[in-house]
1. Can you confirm whether A:Ile115 is in contact with a Ser or Thr (Cβ under 9 Å, 6 or more places away or on another chain) and within 24 Å of A:Gly87 (Cβ to Cβ)?
2. Looking at A:Gly87 and the list (1) at pLDDT below 90; (2) within 14 Å of chain B (Cβ to nearest Cβ); (3) under 15 Å from the mean Cα position of the chain (by Cα), which single condition is not satisfied?
3. If we scan segment B:57-72, do we find a residue that is within 14 Å of another protein chain (Cβ to nearest Cβ), among the acidic types (Asp, Glu) and in contact with a helix residue (DSSP H, G or I) (Cβ under 8 Å, 6 or more places away or on another chain)?
4. Are any residues in segment B:9-27 under 19 Å from A:Leu16 (Cα atoms) and among the charged types (D, E, K, R), and if so, which ones?
5. Which of the residues spanning segment A:85-136 are charged (D, E, K, R), touching a strand residue (DSSP E or B) at 6+ places or on another chain (Cβ under 7 Å) and more than 13 Å from A:Asn65 (Cα to Cα)?
6. Within segment B:61-84, does at least one residue satisfy the condition of being more than 29 Å from A:Asn12 (Cα to Cα) and either at pLDDT below 90 or not basic (Lys, Arg) (or both)?
7. Select, from B:Ile174, B:Ile192, B:Ile211, the only residue that is surrounded by 14 or more Cβ atoms within 10 Å (Cβ to Cβ) and assigned to a helix (DSSP H, G or I).
8. Determine, yes or no, whether B:Lys41 is away from chain A (no Cβ under 14 Å), in a helix (DSSP H, G or I) and surrounded by 12 or more Cβ atoms within 10 Å (Cβ to Cβ).
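The values are calculated or read from the model by the stated rules, or taken from the named source; none is laboratory data. Because the structure is a prediction, the values reported are computed rather than measured. With ideal geometry, Cβ positions are generated from the backbone for all residues, glycine too; neighbour counts draw on all protein chains shown.
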Amino acid sequence: MIDTLMLIDDENLFHLVFEDACSLLDMALSIEALDSSDEADRLFKKWFPNDPDHERPECVFVDLNIIGSSFDGIEMIRKVNYEYGNGVVIGIISSSEDEEEIEKAKKVGAQFWIIKSDDIEPRLEEFKEDYDGYKNRTAPFKVYR
Amino acid sequence: MKISKEARDVLLKVAKEKRIYVEGNFLKLLEADEGDSEFQKYLDKCKEKDVTTRRKRLEITKKVQEQNKELESAAKENIRVNKQLEKALAEANTSLNDAKTAKKIAESAKSDMESALEETRLAKEEADILRIKAEQAKEIAETDLSILQKKTQTELMGNIVKVALWVIMGVGVITTGLYVFVLLYGHDSKIIESTWSNLFGILLTNSFSIIGTIMGVKHATATQNDKK
């Protein structure tokens, strides 16, 4: 089970869906949901480099287009990986299936891409099974359709 | 995570008396001691309740999310329809403006046409006046010509009459002179006498005939002028 998980998504209603789905799947003990990449950026700045291991989440799910934020999910992943220490399992959760965007995410170090839909649980369950591979950095990039 | 006996008892008591059970992710941390089947049952029940509650909430949330999506879609459709309406309204306004412009042009053309018609009417009136003047001038010219012709005819007739009278008088004088000469000198007057008498009669007759003809012509001319 994932210890701490962060969701960055502008849709507050999806926060509830995600939290309940994760709880039902026994996927994470603690979930922190944010609706802005700016807020996530502020937190990561605070955690790095003084406290790189304790408060930062174990896994981060980022929406591709975060309305009301200064930058999108791909830029968020780039910042986490290249500016804040690259210490988390991180990937995109989005309703988009744009191959170009998927490639961009892969290039900045995203480890997975989960297609957001009404029936999210099967994909999260599959992700949960693959999670150890992501944590150990042995699993390849994967798109959960 | 294992909890103390006091905490365990409190949880069981609250569940029994108040039917309140531990919920949420904290529940995932709790563990029962080995052999403590009562607390294990309690934890299982808590988990069952938590899962039921979560599942219900998840279903409701999903429904709400779906409705939200439908509302967003409807809102987008509304925006699209509104844009179409705005576009149609703008086109209608443009058409209205075009129609107004066309109306103005038509009114201007109508005004020009009325002006042209008025000018035409005035030109026609002027033309009529000119025509009347021309006709009057023509009539005057014709009258003048007629008068001139009459005058010429009258003069000609006068000349003819004069010549004729001179001829008549000359013939009369000559014949009378010859007759007087014959009488004075005692020549044979029989031939000249009858000749003079005949000639005089013929001359008188011709003179009256000429005068009658001239008067008849004058009378006829006067009657024609009166008719005109």
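1. When the stated conditions are applied, A:Ile115 does not pass them.
2. Only one criterion is unmet by A:Gly87, namely (2).
3. no
4. B:Glu23
5. Correct list: A:Arg123, A:Glu126, A:Asp130, A:Lys135.
6. Yes, that holds for at least one residue.
7. When all the criteria are applied, what remains is B:Ile192.
8. On the way: away from chain A (no Cβ under 14 Å): yes; in a helix (DSSP H, G or I): yes; surrounded by 12 or more Cβ atoms within 10 Å (Cβ to Cβ): yes.
Here the answer is yes, as B:Lys41 does meet what is asked.
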